[in-house]
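*Asks:* One structure coming up, written as structure tokens, with questions to follow.
The values are calculated or read from the model by the stated rules, or taken from the named source; none is laboratory data. Everything quoted here is computed from the prediction, not taken from an experiment. Neighbour counts are summed over all protein chains in view; Cβ atoms, including those assigned to glycine, are modelled from backbone coordinates with ideal geometry. Note: areas computed on protein heavy atoms with side chains; ligands, DNA, RNA excluded. Shrake-Rupley method; radii C 1.70, N 1.55, O 1.52, S 1.80 Å.
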Amino acid sequence: MNYVRTGMLMAGLTALFGAVGYLLGGGGGMLMALGFAAVTNLFSYWNSDRLALAAHNAQEVDAATAPELYGMVRDLAARANMPMPRVYLIHEDQPNAFATGRNPQNAAVAATTGILRTLSYEELAGVMAHELAHIKNHDTLTMTITATFAGAISSLVTFGMFFGSRDNRPNFIVQILLSILAPMAAALIQMAISRSREYEADKLGGQICGNPIWLADALAKIAAGVQHIPNETAEAKPATAHMFIINPLTGGGMDNLFSTHPDTGNRIAALMEQARAMGIGTSAAGAGFAAQAGNRPWGQAGGSPWDNPPHQPGPWG
């Protein structure tokens with residue numbers, strides 16, 4: 001049902017784009033609007049990953065510069081039966097992560113230094129599995145297109161109001177309403193699609209890493225970290241907020257029309273239910289990892305997260 005819902009929302013976003021073009025310029029305006037959408041989406045299709053990574057000053061790492069993180073992603077990708085994505089590190093104190101790329105063959109995952117200091121090895125495996133799930137489900141492309149559409153609708157309204165033909169331009173009141181309601185409607189659709197894809201990525205991520213409780217514990221820690229540690233880059237570029245596993249602009253977010261992410265408590269509850277369905281008990285698998293909140297599982301305090309071997313191996317080997 002999530003896939004059906006996403007498809008319907010994408011269709012609604014396309015229809016909204018065409019409708020705005022029609023209201024601003026009649027039939028010709030609608031065709032121009034859809035043509036503009038095609039051009040902008042083509043650009044974003046080829047360049048979205050580079051733009052997103054550059055926006056957050058992400059640095060690519062490999063088996064030599066970050067062997068543990070790189071090896072974790074490699075092993076998880078093998079478990080998911082998908083190509084190995086490029087791996088990036090963002091020098092940012094806030095714990096967070098995101099995935100980007102137009103398809104599994106041209107994808108990347110990025111983690112902040114803050115998340116390496118915050119999570120245990122197993123919890124980070126759950127987060128990376130979640131990001132790989134986004135790639136495997138082609139969510140990175142879907143969200144790029146929706147973000148492009150939402151931004152293009154705002155640009156289209158502005159362009160139509162100031163440069164559109166006077167013969168086809170709607171009256172002043174309609175123009176004002178369009179300038180307010182059209183971008184808002186586009187943003188609401190974008191947020192709804194984002195929330196739907198997060199639930200699906202959580203579910204598949206729990207399957208990939210082998211233990212949904214690890215991801216549930218990670219979400220709780222990340223949400224707590226976001227509440228107390230601002231991400232100045234994300235604040236300056238809020239259009240990228242929907243990409244992160246937890247909204248970097250707020251500490252939580254409600255499961256409503258105005259949130260880019262589902263409520264963290266609801267996501268954790270769904271993951272715990274998934275763990276029970278898989279026969280994984282919290283006493284055996286979850287409590288131990290949750291109790292590590294104050295530990296630095298990657299090494300000694302102040303050291304690089306890849307300087308020392310992990311305390312515990314992952315479930316994949």
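*Asks:* Could you list which residues have their amide H under 5 Å from that of Y88, counting only those 5 or more apart in sequence or on another chain, with H placed in the peptide plane?
*Replies:* So Y88 has HN proximity to V61, V109, A110, A111.
*Asks:* Still on this structure, please answer the following. Length gain on complete extension for the stretch K237 to M184, per 0.36 nm per residue less the alpha carbon to alpha carbon distance?
*Replies:* Working: separation 53, 0.36 × 53 = 19.08 nm, distance 1.80 nm.
Here the segment from K237 to M184 would lengthen by 17.3 nm.
*Asks:* Report the gain in length on full extension from L51 to T65: 0.36 nm times residue separation, minus Cα-Cα distance, nm rounded to one decimal.
*Replies:* Gain on stretching L51 to T65: 2.7 nm.
*Asks:* Ignoring ligands and nucleic acids, what accessible area does R117 show with a 1.4 Å probe (Å², nearest 10)?
*Replies:* 110 Å²
*Asks:* I've got another one for you. Could you give the length gained by full extension between E273 and L31, i.e. 0.36 nm per residue of separation minus their alpha carbon distance, to one decimal place?
*Replies:* 82.4 nm
*Asks:* Suppose R0 equals 30 Å; then what is the FRET efficiency for H228 and N103 from their Cβ-Cβ distance, rounded to the nearest 0.05?
*Replies:* 0.25
*Asks:* Still on this structure, please answer the following. Out of residues 5 or more away from D263 or on other chains, whose amide H comes under 5 Å of its own, with H placed 1.01 Å from N in the peptide plane?
*Replies:* Here D255 satisfy the definition.
*Asks:* If we count every other residue with Cβ under 14 angstrom of A133's Cβ, Lys/Arg +1 and Asp/Glu -1, where does the sum land?
*Replies:* Charge balance in the 14 Å sphere: 0.
*Asks:* Heavy atoms only, probe 1.4 Å: what % of the accessible area of the range 93-140 goes to carbon and sulfur, would you let me know?
*Replies:* Answer for the range 93-140 is 39 percent, counting heavy atoms of protein chains only.
*Asks:* What whole-number value in Å² describes the accessible area per residue of the range 50-113 for a 1.4 Å probe?
*Replies:* 38 Å²
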